């Protein structure tokens, strides 16, 4: 028994934990949970917990349904919203086949595999997401426009408001679970909030994002509100993204930093950015995986629509922040397309793979986009070699279907299931008659 396992068992006894929830995600990023008694935990650490994989989205076919969830003791935390006696704990699980091999359908394993490839090249992949979401007044009724909890705007200070109370309680819970928060504030749309998580390696961060979503929804319910990570709930207001800052470290050295470069960007960083740009269209179906995601990417509202990079250019897909240009540890790049409703394990795996492809292939970084890309004409963008991101989920799927990088990163099983599921989603969506059509066409046609 290793030290982490001993720590978990000791903590469970000291904190009177009576229920331990085993968490994992399906291919679409939906959180799954099964609770076990503490008496079963030693067996779970040794052998895992068997379950029917055919009942989980994208996991297994009926005739190969037996799978095993094995808890990762390093992820143990007591759930603060269940912080009464008896308490409840949780751990993330790795999904295995009955013979103990990693399950090809486990999104956590997809990210682990990509990070192992980075480690083989000497790199550790760190991420820092800015997570946006909305708070609505209850009830939120499917098919009806939700009502935001306030009419505040970007950085508005609203004493004793629902948003302020919410952010304070959510941050307290996150930190009780070992998730460090860097910033929080009201975002640009009514009811919209942003909480930025402090840098961590990509696997820890993906676990943190899944925990973050649960904490946000639990705190919202406790305050009599409803939280949603839907990318674009309102036509007239900006949507919710998850701008993610990334960097590669070689030990304690930031591989993206070069003091002698005018941008303070190393050759490694430039190749990484070039990889993100070259493969951006291919990975968009995963970083923006829902039909609604593309309403956010229409343009404006600081959501990118075109494949380009820039320094301090918020219309660019990839931005190089200039906050601390002489501090080596802060050198990083920011991908701005990704939204907060994606599966973070798959999205981060693809972001990493795209960047590593740029490094290994020594991709050349195209010229920086210095203008507001939205204000240029199509002809001007074409002359600059600036391609559009996919304009809808169907287009994103078609680009992903031709991507060797995405297929290799996700593995055949996840790749095939994801494409099938997204095609079905878009086919159902395109058959719908929308309020827009009824409003504009019914009276005149």
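Quick note: the coordinates plus some simple rules give every number you see, no bench work behind them. Since the structure is predicted, the reported quantities are computational estimates derived from the model, not experimental observations. Glycine also receives a Cβ, built like all others from the backbone with ideal geometry; neighbour counts cover every protein chain displayed.
Of note:
- In the chain, the alpha-carbon atoms span a convex hull of 168 Å³ per residue.
- Of 145, 298, 68, the one that fluctuates the most in a GNM where the chain has Cα springs shorter than 10 Å: 145
- DSSP beta bridges fully contained in the chain are about 85 percent antiparallel.
- Estimated FRET transfer efficiency when R0 is 35 angstrom, pair residue 13-residue 263 (beta carbons, to 0.05): 0.05
- For the range 132-153 and the range 225-271, distance of Cα centres in Å: 27
- Treating r as the C-beta distance of residue 42 and residue 252 and R0 as 51 Å, the FRET efficiency rounds to 0.90.
- Mean separation of Cα contacts under 8 Å (6+ apart) over length of the chain, as relative contact order %: 14
- Per-residue packing, averaged as other Cβ atoms within 10 Å, sorts the ranges 371-380, 394-403 into the order 394-403, 371-380, beginning with the highest.
- Point-to-point label distance, residue 81-residue 141, nm (Cα→Cβ direction, 7 Å offset): 2.5
- Extension gain, residue 433 to residue 201: 0.36 nm times the residue separation minus the Cα-Cα distance gives 79.2 nm.
- Build a GNM of the chain with springs between Cα atoms under 10 Å apart, and of 182, 130, 194 the one that fluctuates most is 182.
- In the frame of its principal axes, the range 296-358 has Cα extents of 33, 27, 21 Å, reported largest first.
- The order of the peptides 259-271, 276-288, 422-434 by mean Cβ neighbours within 10 Å, most packed first, is 276-288, 259-271, 422-434.
- Cα-projected label distance for residue 121 with residue 360, points at 7 Å along beta-carbon direction, nm: 0.7
- Antiparallel bridges, percent of DSSP beta bridges restricted to the range 3-101 (to nearest 5): 75
- Most mobile of 331, 74, 220 in a GNM of the chain (Cα contacts under 10 Å): 74
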